[in-house]
Amino acid sequence: MLRTFARIKTERRSSHPLWMPAGISVTLLYVLFIGLPVVAILVKAAQQKGLFASLLSDTTIQALQLSLVTSIISIVIVVIIGTPFALLLARKDSLVLKFIDSLVELPIILPPIVAGVAMLMAFGRQGILGPVLNSVGITLPFTTGAVICAQIFVAAPFYIRAAKLGFQSVSTDYEDVSQTLGVSPWQTFWKLTIPLASPSILSGLALAWARAISEFGATIMFAGNLTGKTQTMPLAILTAMESDIGASLALSVILLLASIVVLIILGFFANKSWRANL
Amino acid sequence: MIAAEMTYRIEDFELDLSINVNPGESLVLFGPSGAGKSTILRAIAGLIEPSSGFIQIGESIVFDKDQKIWVPPYKRKVGYLTQQYHLFPHLSVSKNIAYGLSSHSKDSSAALISDLLEKFQLSGLENRYPWEISGGQQQRVALARALASSPRALLLDEPFASLDSELRRAILNEIRRILTFSKIPIIVVTHEREEAVAIGDEIQVIDSGHTLAKGEPIKVLGHPGQERVASLIGVENLIPMNIVDTSTAEGTMTCVPRNMDSPQIEVPLGVGHESGYTTIGIRASDIILAHYKIENSSARNQIQGTVSEINTNSPGYQITLNCSGILLRCNITGTSLSEMDIKTGSSLWAIFKASSCFIVQDHP
C-alpha cells in the first residue's frame, strides 16, 4: 500500500517538466492581465497634461474630502457597533446567533446595486420606514447620511467577520488566567483580548475601509450623485470620464495607491498572528 | 487554608467531594484523566460554579450555594497555573510577571519583579517573548506570574507534564521553597507517583469525581488499600490469590494464585483472610531477579519463571516473567539486563520479601 503510494508520488514528480512550462506561461499571462491595466493608469496619468490642475479642481477636491470624511465616519460606526457584535458571535453559541452570523455575510455577496435598491425600499421616501422617518423629520435618500449608510451596509461584514475570527483565536483560557491574576473581565478585555485579537481586527479594519472608500453601486442608487454632497471618489471618476479624463485618472491613481497601502497593511498583519508564535 | 465541599454535575459526570489543605502544606490530587482533578482547581479558582457546597480560601468564604455567596475569580487571589502555562504572547517575560500588579505602585512592583526574576533564575530574559524561551523557562515565568500578586493559595495543574526530569527536580525544589517561605496552601494535580511523594504533604486519590483514598503519600502510594487505587497509581503486579495457610505468630499468610496450586507466595497477614481469598499487589521495583536461587536468605519468596517479554521502561527495562501461569513484572536497569544477559526465554528467579507484598481489596 505504502509502496504504491510512493510510486505514485515519484511518477508525479517525474511529470513536473510537462506541466511546469504551462504553469509558468499561464502565470505570466495572468500577471500581465492584472499588471498591465495598473501600469496603464500610472503611465496615462503621467502623460496627462495638467494632471495637478485637474486634481485640484473643485469637484475632485470635494469628492476626495467627501470620501475621506464619510469613510472615516462609517468605519468609526462599524467599529463601535461591530466590535461587541463580533465578540458576541465569537463567544456565544446559539441557533439564533448562528443564523445572524450567516446573515452578516450577505452584503459581501449581494450586488451593491441591489443593496442600494434594498435600502431605498427600506429607508426611502416610499420605503417601509419612510413615513416613520419622515414624521420625525429625517430624510435619508440623496444625503451625505445615505452615503454613510451605504458604506456601512457593504463594509461592516468585512470588519465583523475579521473581528469575530480574531476573538475566536483568543482562547478563553487566557482570559481565565488573566482573571485569576486579579484582573477584572473589563480590564482583561482591554489588556488581553483586544491586543491578542488586534492583528485580525486591524486587517478587518483595513479591508472594511477599502470597501467603504470604493463603494459605488449602493451609493449611486441610494444617495445619488450630487457634487459635494453625495459624489464620492468612485462616482466622481465615472462622472469625470465624460468631461475631464485627467480628473478621472488623478482620482483613480489616488484610489489605486490607497488600495496598495491596504494590501501592505494586510500583508503585515497576516504575518503577525500571536497564535502562530506560540 | 483551603476548605471546600462541593458537587458539580455536567452531562453524565458527577463530582462530589471535599478538600482540605492547611497553610504551608501541599495536597496532591492524584487520579486518571477525566477524574475531575482540573474541575476541582477551576472551581476553587472561580472559573466554574459548583452545583452545591462551599469553598473557603483563607479566612473568606468565596462560594456558598446556600448563602448565595459568589466571589468572582479576579477577587479571589488564587494563583492558578494551567497545564499549558498560558503565558500572554503579546507581552515580554517581565510584563507577563507584572500583568496582575496594579499600576499604582511602580517602584515597589519593579522591585518585586526583579526579585521574582532572580528567584526563578530568569534574569536576563526580561525582554524576551514567551515563544523565545524554553518550556522550563515558560513554566517558571508562569509560576512567577502567579506568585507576583501574592495569592492566598496556589493551584498547579500538572505542572511537570512537559518538563524533563532535571527541570522537574528544579521546579519541585522551587515549590517546596514556596511552601516554606510563603506559608500558603498549595494544591497540585499530578498522575506521577514520584512527584506525588516528592511534593505532597497529603495525597487525595480521585476517580470519577469521588475521593477513593486520602492520607500521607508514602502510605497511600506504598500500601494502597483498594484495588482501584492500586491500579490507578500503577502497581504493576496485582494477583488474585487463594489463602491456603495463615500464621498469626509470623504475621504472614501463604497464598497460591486463584485456581492454581503453585507457586506459593508468603504475604503479610491482612484483612479479609477469613474469606479465604485476597488480591496481592507487588511493585515491579521491589522484585529482585537472579539466575540462581539464593540459599539461606531472608527473602521469603523465591519463584522461578521464564522471561516472556522485555519492554523498555525509561530509564530501565521491564521484564515480564511467566511463573507457571502468573505473570510478574519486574523493573531492572539496562546494565543489569546486559550483565545478566537476559533474553526472552531465559530462566530466572524472582526474589521478594513477604513485606513487599501488600493486600489489596476492593471492599475492606
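Things to note:
- Criterion violated by residue B:255 - all others in (1) in a strand (DSSP E or B); (2) out of contact with any Gly (no Cβ under 7 Å at 6 or more places or on another chain); (3) assigned by TED's automatic domain parsing to the domain that holds residue B:172 satisfied: (3)
Table: residues versus (1) in contact with a strand residue (DSSP E or B) (Cβ under 6 Å, 6 or more places away or on another chain); (2) at positive phi.
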| residue | (1), (2) |
| --- | --- |
| B:150 | no, yes |
| B:163 | no, no |
| B:168 | no, no |
| B:185 | yes, no |
| B:195 | no, no |
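- Any pair with Cβ under 9 angstrom, 6 or more apart, that starts in region A:220-232 at a residue that is at pLDDT 90 or above and ends at one that is acidic (Asp, Glu) and surrounded by 16 or more Cβ atoms within 10 Å (Cβ to Cβ): A:232/A:215
- Qualifying residue in region A:147-167 (condition: closer than 30 Å to residue B:72 by Cβ, touching a residue at least 24 places away in the same chain (Cβ under 8 Å), within 14 Å of chain B (Cβ to nearest Cβ) and in contact with a helix residue (DSSP H, G or I) (Cβ under 8 Å, 6 or more places away or on another chain)): yes
- Filtered residues of region A:43-80 (kept if open to solvent by 70 Å² or more (accessible area, probe 1.4 Å) and in contact with a Leu (Cβ under 8 Å, 6 or more places away or on another chain)): A:44
- Filtering region B:259-275 for residues that are open to solvent by 30 Å² or more (accessible area, probe 1.4 Å), more than 24 Å from residue B:234 (Cβ to Cβ), in contact (Cβ under 8 Å) with a residue 12 or more places away in the chain and of a type in the set (Val, Ile, Thr) leaves an empty set.
- Residue within region A:147-160 that is of a type outside the set (D, E, K, R) and more than 30 Å from residue A:228 (Cβ to Cβ) present: yes
Residue-wise test of (1) closer than 30 Å to residue B:87 by Cα; (2) modelled with pLDDT under 85; (3) in contact with a His (Cβ under 6 Å, 6 or more places away or on another chain).
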residue: A:239; (1), (2), (3): no, no, no
residue: A:244; (1), (2), (3): no, yes, no
residue: A:248; (1), (2), (3): no, no, no
residue: A:251; (1), (2), (3): no, no, no
residue: A:255; (1), (2), (3): no, no, no
residue: A:261; (1), (2), (3): no, no, no
residue: A:272; (1), (2), (3): yes, yes, no
residue: A:278; (1), (2), (3): yes, yes, no
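- If only residues of region B:290-320 that are part of a loop (DSSP other than H, G, I, E, B) and in contact with a Lys or Arg (Cβ under 9 Å, 6 or more places away or on another chain) are counted, the one that is most open to solvent (accessible area, probe 1.4 Å) is B:300.
- Residue that is farthest from residue B:182 (Cα to Cα), among those in region B:16-75 that are aliphatic (A, V, I, L, M), away from chain A (no Cβ under 14 Å) and in contact with a Leu (Cβ under 9 Å, 6 or more places away or on another chain): B:35
- Considering (1) in a helix (DSSP H, G or I); (2) at the interface with another protein chain (Cβ under 9 Å from one of its Cβ atoms), the lone condition that residue B:96 does not fulfil carries the number (2).
- In region B:48-90, the residues that are touching a residue at least 24 places away in the same chain (Cβ under 8 Å), surrounded by fewer than 23 Cβ atoms within 10 Å (Cβ to Cβ) and aliphatic (A, V, I, L, M): B:48, B:71
- In the set (1) of a type outside the set (Lys, Arg); (2) free of Cβ contacts under 8 Å to residues at least 60 places away in the same chain; (3) under 26 Å from residue B:1 (Cα atoms); (4) surrounded by fewer than 19 Cβ atoms within 10 Å (Cβ to Cβ), the condition left unmet by residue B:118 is number (3).
- Residue count for region A:190-210, restricted to those that are open to solvent by less than 30 Å² (accessible area, probe 1.4 Å), aliphatic (A, V, I, L, M) and within 14 Å of another protein chain (Cβ to nearest Cβ): 4
- Odd one out for residue A:187 among (1) surrounded by 20 or more Cβ atoms within 10 Å (Cβ to Cβ); (2) free of Cβ contacts under 8 Å to residues at least 60 places away in the same chain; (3) assigned to a helix (DSSP H, G or I); (4) facing chain B (nearest Cβ under 10 Å): (1)
- Selection within region A:168-181: residues that are within 13 Å of chain B (Cβ to nearest Cβ) and in contact (Cβ under 8 Å) with a residue 40 or more places away in the chain. The member of this set that is least open to solvent (accessible area, probe 1.4 Å) is A:169.
- Selection status of residue B:145, of a type in the set (D, E, K, R) and either buried (at least 21 other Cβ atoms within 10 Å of the Cβ) or under 28 Å from residue B:27 (Cα atoms) (or both): yes
- Among (1) open to solvent by 30 Å² or more (accessible area, probe 1.4 Å); (2) modelled with pLDDT of 95 or more - the single one residue A:135 does not satisfy: (2)
- Subset of region B:171-199 [open to solvent by 40 Å² or more (accessible area, probe 1.4 Å), over 19 Å from residue B:77 (Cβ atoms) and more than 17 Å from the chain's Cα centre (by Cα)]: B:177, B:180
The values are calculated or read from the model by the stated rules, or taken from the named source; none is laboratory data. Everything numeric here is computed off the predicted structure, so don't read it as measured data. All Cβ positions, even for glycine, are placed from backbone atoms using ideal geometry, and neighbour counts span all protein chains on display. To get the accessible areas, we keep the full protein, side chains included, count just its heavy atoms, and leave off ligands, DNA and RNA. Shrake-Rupley method; radii C 1.70, N 1.55, O 1.52, S 1.80 Å.
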